[in-house]
Amino acid sequence: MAKTALITGILGQDGPYLAKLLLEKGYKVYGLIRRYSNPNFSNLDFLGITKKIELIDGDMSDESSLLHLIKRIMPDEVYNLAAQSFVGSSWQQAKLTTEINALGVLYMLNAIKLFSPTTKFYQASTSEMFGTSHDDGFQDENTIFHPRSPYGISKVYAYWMTVNFRESYDIFTCNGILFNHESPIRGIQFVTRKITDAVARIKMGLQDKLSLGNLDAKRDWGFAGDYVEAMHLMLQNEKPDDYVIGTGENHSVKEFVQLSFKYAGISDWEKYVVIDARFKRPAEVPNLKARATKAQKQLGWKAKTSFDELVKMMVEADLKRYQNK
Ligand code: NAP
Ligand code: G4F
């Protein structure tokens, strides 16, 4: 019998990469989508898997939809990737962010407890939970949380609820504390894709300025395709646990900009970049860098794609999109 997996957030960035990996491993994959008049399947299309996923209607903020679907499909594994995942919007939409990212996880865990307690559960936790906290410049599983946004706070709630269902009810639940990961199908609002898309448009003569906020923020950026492998490995492990996933290297937004222009063959990047206070945040997370040694030792996971390879991949994909248009 093929294993079954439910992926929430199937239309986002990570959902399609994870679905592709699971399909290659022979899984039957269900994808949760919320109702839209015009759903956007472009990320699934990009990976050529749209027709291979069984899509199910539901919403993380609607408990009854989750109860019904878990009761009906009783999947072997649930990967909870759905979220209001844009940090910048979470100050304006704090309640919505909390309902989806925090309460939604409680609803899903309750549904598993009631109707399918052998289902293994993966929670998309995040390095944003660390905020300004670090140990010698790194963050790992022992670093205390100091979230700096309503998004980070909602994810801390979800993290502890995931731990609590493991400790209280013996359900196989794991937190993957993932550092920033990007790809050619990254949402356009996130800084990396905003940069590579703008650079491609500038190269094609379609745009002449790139407006950004804080160029000094540093992130540990990896490739989403590598990170979904860690999600799967966590649920195949003998015991459930929580893992930090990242490359161990960080770079500033400015470095990302410089390299993107370089890969597009534009030398004078400063001519195009303007600082716009609208893109600065009420409270910034200045510096994230993972110490992912636990994942390396216990899961055998390590990031494969370098920072340079990631930037090049994203710039080339955006240039190709505009050239094809
Ligand atoms: P993403 O591209 O923003 O995708 C999130 C998905 O969640 C979207 O498909 C969205 O659906 C769906 N969603 C939002 N609200 C929903 C609701 N109420 N009910 C059902 N689905 C809903 O995010 P991502 O980059 O793939 O990240 C996946 C997960 O990992 C998120 O939980 C994120 O917070 C977390 N994470 C991401 C990173 C990263 O660097 N990418 C790092 C750490 C953790 P629509 O398409 O309908 O909008
Ligand atoms: O790309 P970002 O919006 O990602 P952020 O805030 O780090 O969050 C992402 O990674 C988290 C994991 O650490 C995830 F949990 C979360 O869901 C999301 O995927 O911003 C990165 C940095 C920030 O410091 C921001 O202030 O870039 C800075 N930045 C500078 N100018 C900008 C801009 N960010 C955006 N989005 N747009 C700008 O113009």
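Where does helix 104-115 land angle-wise versus the long Cα axis of the chain, in degrees 0 to 90, nearest 10? The answer is roughly 30 degrees.
Scanning residues 5 or more positions from ALA290 or on other chains, those with amide H under 5 Å from its amide H are GLN139, THR247, GLY248, GLU249, with H placed 1.01 Å from N in the peptide plane.
Counting 0.36 nm for each residue step from GLN236 to ASP268 and taking away their Cα separation leaves a gain of 6.7 nm.
Each peptide in 4-11, 314-321 gets a packing score, the mean of other Cβ atoms within 10 Å over its residues, and the list from highest to lowest is 4-11, 314-321. Amide H contacts of THR173: PHE121, each under 5 Å away and 5 or more positions distant or on a separate chain (H built 1.01 Å from N in the peptide plane; Pro and chain starts excluded).
Is any residue of the range 31-57 close enough, with backbone N under 16 Å, to a label point placed 7 angstrom from the Cα of LYS325 along the Cα-Cβ axis, and if so, which? Under 16 Å, as judged by backbone N against the label point of LYS325, lie 42-43 of the range 31-57. Peptides 269-282, 30-43 ranked from most to least packed, by the mean per-residue count of other Cβ atoms within 10 Å: 30-43, 269-282. Multiplying the residue separation of LEU96 and ASP216 by 0.36 nm and removing their Cα-Cα distance gives an extension gain of 40.3 nm. Remark: the range 64-78, residue by residue, has Karplus-estimated 3J(HN,Hα) of 5, 5, 6, 4, 5, 6, 5, 4, 6, 9, 5, x, 5, 9, 10 Hz, where x stands for each Gly or Pro and the curve is 6.51 cos²θ - 1.76 cosθ + 1.60 at θ = phi - 60°. Lys pairs in the range 229-282, Cα-Cα under 30 Å, at least 8 apart or on separate chains: how many? So the count works out to 6. Figure legend: label point modelled 7 angstrom from the Cα of LEU21 along Cα→Cβ; residues of the range 182-201 with amide N under 15 Å from it are 182-183. Cβ crowding within 10 Å ranks ASP140, ASP57 as ASP57, ASP140, fewest other Cβ atoms first.
A simple charge model with +1 on the Cβ of Lys and Arg, -1 on the Cβ of Asp and Glu and nothing else charged puts the dipole of the range 144-284 at about 700 debye relative to its Cα centre. With just the Cα atoms defining each centre, how far is the range 213-268 from the range 1-32? Give it in Å. For the range 213-268 versus the range 1-32, the Cα centre distance is 22 Å. Within the chain, antiparallel bridges make up roughly 10 percent of the DSSP beta bridges whose residues both belong there.
For the set LYS95/LYS289; LYS51/LYS294; LYS25/LYS304; LYS155/LYS320; LYS218/LYS294, the pairs lying more than 26 angstrom apart at their alpha carbons are LYS95/LYS289; LYS51/LYS294; LYS155/LYS320. Under a model in which nothing but the beta-carbon of Lys, Arg (+1) and Asp, Glu (-1) is charged, the chain shows a dipole of about 700 debye around its Cα centre.
With each label modelled as a point 7 angstrom along the Cα→C-beta vector, the SER37-SER306 pair spans 4.8 nm. Modelled this way, with points 7 Å down the Cα-to-C-beta line, the labels at LYS280 and ASN164 are 3.7 nm from one another.
Where a number appears in this text, it was derived from the coordinates with a stated rule and is not lab data. Computed from a predicted structure; not experimentally measured. Positions of Cβ are generated from backbone atoms using ideal geometry, with glycine treated the same way; all protein chains shown enter the neighbour counts.
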